[in-house]
Amino acid sequence: MPLDAKNKPVAASAVEAAAAAAAGQIPPLWPLASHVAVNPFLGQTTQTLAATGARLARIADVPVTMPRRWRQDRIAAGDIADEDLAAALAASSHADKPADLDALKAAASAPRAARAALPTVADLAATDLATTARAVDWPGIVADRFGVWAGGYIDRGQALWAAPRADGAWAAWRGFAVHDRTPEIMGLKGFAAFVADAPADPLAAAARAVDRLGVGETALESYFHQLLFSLGGWSQYARYERWRAELAGGEDATIADFLAIRLLWEEALFTQYETAIGGDWAAVCKAREVPAAPDRDDVVDEILQEAAERAAQRRLAETLAAAPAPRAAESRPALQAAFCIDVRSEVFRRALEATDPSIQTLGFAGFFGVFAKHRRFASDIEELRLPVLLNPTVTSSSGDESDRADDLAARYKARAKRAWGRFKLAAVSSFAFVEAMGPVYVARLARDALGLNPAAIPNDPAPRFDPELDLETKTASAETVLRAMSLTRGFARVVLLAGHGANVVNNPHASGLHCGACGGYSGEANARLLAQLLNDGAVRAGLAARGIDVPDDTLFVAALHDTTTDAVTLYDRDCRTADHADDLRRTRRWLDAAGRATRSERALRLPRAADEGDIAERARNWAEVRPEWALAGCQAFIAAPRERTTGRNLEGRAFLHDYQWKEDSENGFAVLELIMTAPVVVASWISLQYYGSTVAPDAFGSGDKLLHNVVGGVGVVEGNGGLLRAGLPRQSVHDGERYVHDPLRLSVCIEAPREAMTDILRRHESVRALFDNRWLHLFAMDGEGRLAWRYVGDLDWEPVKAPSLASLSEAVA
C-alpha cells in the first residue's frame, strides 16, 4: 500500500478512483474516419469558466479565454458596449469581482499576472538547477517515445504490420520499452531494466509509483489529470475507447494503462534525479494538496467573456425583433425542404426560400431520427450514423439481392486495390516502386493537380433496413420523426429530406466536414431510409390512424447537400416519380439557383474566392487548406417555428431547429426534452470545440495542416512524431491574417414555456450543469420570436431588456 506525503497509507482503491476521475477530465477523440466535434472542456462542465481556467493553468498553463488585448480592442471599437460589461459584471457571482464598471474596464486594459503550471518530475529533471537551462528535454523525449509506440498500438489499418493488442496497452508498451534504447542513450540509465522489473498489473505499477513519488491522496486526481493531459491526443483517443465501451455497457482500460505508463516514466526519472530535484518535488507535492481556485484575473476574464457574449446576444435579439420580410399567404407549399440544423444550412435555406415565396424549409437534426448502424455497398464496416451520444437502434445496408453480382465485383476490385497499395508500401518493393512505376502515374498526378477528376458523390444502391422492420415499428418511427420535425400537416407535393456532407480532396479531417449528427458521416443514407419509410403506403395508413394525414400525392425525396460546393443531389430513383416529373424538374431549378446564391455569399468570406464560380474548384484542389469554413462563426441555436427567423439574415451563425411547442405540449413536451438533451448538447460540443481551438490552439487545436501526418488512420501529428493532435487545424478558424471564428459560448433560444424547460433541466443534471455554469446560455422566446427571458442558473429566470427602436432600425437596415 503506497504512502501519502504525510506517511499515511494511500489505498490502491484510492489510486484507482483518482485515475478514473482524471480520465473523466479528458475529452474523447474520435478517429479520422468518423471525426466529430468534441467539447474540449467536457470534463469541466460542472465548474465555471473561471474555475476551469484555474485548473487548466495549474496543470498545463492553458488559457480559457482570448488575451486581454483582444477584448480591449473590441471594447474600444464599440463591439462590446458598456451595457454589456455592466450586465456581465452584475451577473457574476464571484466575491472578488471588480467593484464597478470603471474597475472592470481598468482591469480589462491591464495584462494578466504571469503564472506557470506546476511541474511534473519530467519538467524538473529537464532543468539543470545550476544554470536553469534546459539540459535534457525529458518531456519531449517522453512524448516522442510514447508516440512512437502508441502510433502502432492504436493503428486501425494504416500499418502493414499490426502491433500486439491482446494483453492490453500496459503489456504491449512494456514489450516495446524493454527493447527501446533511446531513453538510455539520452541519459536515463537502466530504463529498460526498470520497465522489465515493473509489476505486470498496471494498477500495482501506478500504486508503486505514487508511493515512490510521495504524492498525497488529495493531490492524486490533479496530478493524474496533468499526466494524461501531457499525452495530448493519445490520452484523448484512449478516452474515446472507454467512451464507446461505456456506451455499450462495457469497460476499457486503455486510458488507465496510459496513465500507468506515464507514471512509470515519472518514477524512473525521479529515481535517477532525486538528489537534485527531491526538495523541489516535495514542494510541488505540497502545492498540489491545495485545490486550484480562480484568482482575480480568472474572474475578470470570465466577466469579459460573458460581456462579449452578451454583446452578441444583444445583436441577435435586435435581428429577431426586427420586422420579418413579407411572405406569401398561407397555402399549400410548392416545396418543403428539410435540412440539417447545421449553421451552413441556414445560408442555403435562406437562399432557397428567396427563389420562390411558396417554398418552405425546415430544420431538423441531420440523421433524421434514424439511429442506424449502416453498412455501405460492398462493405462489412459498420458505420454508426447517429449522434455519438447515443446507441443505434436499427441496422441497415445498401443494396439487396438484385445487387449481389455488383457487390461481389466491387469487393474484388477493393481487394485488388488494397493488395496493390500494400505492395507499394511493402518493405522491399517500395524501394523500386517509384523508379519502375513513376511514369505510369504522370497522367493521374496531372489530373489531380489540376483538379480535373470529377467529385465522387455517394451513389450506393438504395439502403434498406436489415433486418426489415415490422409495420408497427415503422409506423411508430415515422410518427416520432414527423412530430419531432413539427411536420404533421400541410404537406407539399414534394418534401425534400436533405442530409449533408462535404466533398474534398487531400484532407485528413474530411469527415469533420460531414454531418456531426450522423457520427461524422454524410447524411444521405439516413435521409434515404426515412424517405422510403414515409413513402410506404401501409405506413401512411398507420399514420392516418394516429392523426397524421399525409396526402396521396405527397412524395418524399432524399437529397444530399454538398456544403463545399452547395450542389444538391436528389435520390429520386429510390421512389416512383412519374407523377412528379414536373415537380422535380422545378425543384432542381430552384436548388441550382439557391446554390449559386449561397456560393456567392460564401465567396465573400473565403480567402482568394472572387465569386461563386471559384467555390467548386476549391473542393477539388488538393493544395486548398480552406475548402469551406464549416461551422466557424457559430453563435446561436434557435428552436422555434421557421417564421420566427424567415427573412432574417443570420449570416450562417445559427443552428435552426423547427419546433412547435403547442403541439408538443399535448405529448408532455417530449420533443422539447429531446431537443435540449441531444441536438443542443451536440451543438455545444461543436461550439466549444471551435471555442477551444481558438482560445488555446496549442492545447485544443491540431496545429498547421501543412505539417500534418496521419498516424494509424486515427489522427494527425505535426511533423514526424510527438503528440497526437486533437481539435481543429489553425486553418479552420484563421484566414492567415485574422481569426474568422469569434470564440463565444453558444446562446440557445427556444420558443417554449419556461416552466417546461425548467422541468427538463431539473431532471437532467448534466444538461443543467452546462447552463448553470454558463458553458451555454439559455433564452425563452415569446410568441413573436423575441428573446424574452434569460436563464440565470439555479432554475431561475430574468426578463430580457427589449431592444431599442434605434437598434431595431439598424438591424433592419
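The values are calculated or read from the model by the stated rules, or taken from the named source; none is laboratory data. These figures come from a predicted structure and were not determined experimentally. Glycine also receives a Cβ, built like all others from the backbone with ideal geometry; neighbour counts cover every protein chain displayed. SASA here: full protein model, heavy atoms, side chains in, ligands and nucleic acids out. Shrake-Rupley method; radii C 1.70, N 1.55, O 1.52, S 1.80 Å.
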Legend entry - Two-site label geometry, Arg608 and Ala416: point separation in nm, points 7 Å out along Cα→Cβ: 3.7
Legend entry - Simple spin-label estimate for Asp61 and Asp400 in nanometres, 7 Å along Cα-Cβ: 6.4
Inset, instruction - First check a/c for the stretch 508-602, with a ≥ b ≥ c the square roots of the eigenvalues of its C-alpha gyration tensor; if it is under 1.5, answer rounded, and if not, answer prolate when a/b is larger than b/c or oblate otherwise. - result: oblate
Legend entry - Loop-resident sites, the stretch 231-272, for GluC sites (Glu not before Pro), counting at most 16 other Cβ within 10 Å (DSSP): Glu251
Inset, instruction - With a ≥ b ≥ c taken as the square roots of the eigenvalues of the C-alpha gyration tensor of the stretch 111-215, please select rounded if a/c is under 1.5 and otherwise prolate if a/b is larger than b/c or oblate if it is not? - result: prolate
Legend entry - Relative contact order for the stretch 681-728, counting Cα pairs under 8 Å that sit 6 or more residues apart, in percent: 33
Inset, instruction - Give, as a single signed number, the net charge of other residues whose beta carbon lies under 12 Å from the beta carbon of Asp96, with Lys and Arg counted +1 and Asp and Glu -1. - result: -2
Inset, instruction - Using only alpha carbon pairs under 8 Å that are at least six residues apart, calculate the relative contact order of the chain and give it in whole percent. - result: 18
Legend entry - Expected-Rg normalisation [2.2 N^0.38 Å, Cα atoms] applied to the stretch 400-478: 1.79
Legend entry - Around Leu656: net Lys/Arg minus Asp/Glu count, Cβ-Cβ under 15 Å: 0
Inset, instruction - Keeping the other protein chains in place, figure out the carbon and sulfur percent of the accessible area of the chain, with a 1.4 Å probe. - result: 54
Inset, instruction - For Trp161, Trp70, Trp234, give the ranking by accessible area with the largest first, probe 1.4 Å. - result: Trp161, Trp70, Trp234
Inset, instruction - Run the numbers on the stretch 295-438 and let me know its relative contact order in percent, using alpha-carbon pairs under 8 Å that are six or more apart. - result: 14
Legend entry - Amide N of the stretch 477-500 lying under 15 Å from the label point, which is placed 7 angstrom from the Cα of Asp549 along Cα→Cβ: 488-492
Inset, instruction - Would you mind pulling out the separation of the Cα centroids of the stretch 662-682 and the stretch 535-610, in Å? - result: 26
Inset, instruction - Quick one: grab the alpha carbon gyration tensor of the chain, order the square roots of its eigenvalues as a ≥ b ≥ c, and give me rounded if a/c is under 1.5, else prolate or oblate depending on whether a/b is larger than b/c. - result: oblate
Inset, instruction - For the stretch 77-111 and the stretch 354-405, compute the distance between their C-alpha centroids and round to whole Å. - result: 48
Inset, instruction - Please quote Rg/Rh for the stretch 725-772 to two decimal places, taking the Kirkwood radius as Rh and restricting both calculations to Cα atoms. - result: 1.21
Inset, instruction - For every other residue with a beta carbon closer than 10 angstrom to the beta carbon of Arg314, add +1 if it is Lys or Arg and -1 if Asp or Glu, then tell me the sum. - result: -1
Inset, instruction - Please determine, in degrees from 0 to 90 and to the nearest 10, the orientation of helix 404-425 with respect to the longest principal axis defined by the Cα atoms of the chain, where the helix direction is its Cα long axis. - result: 30
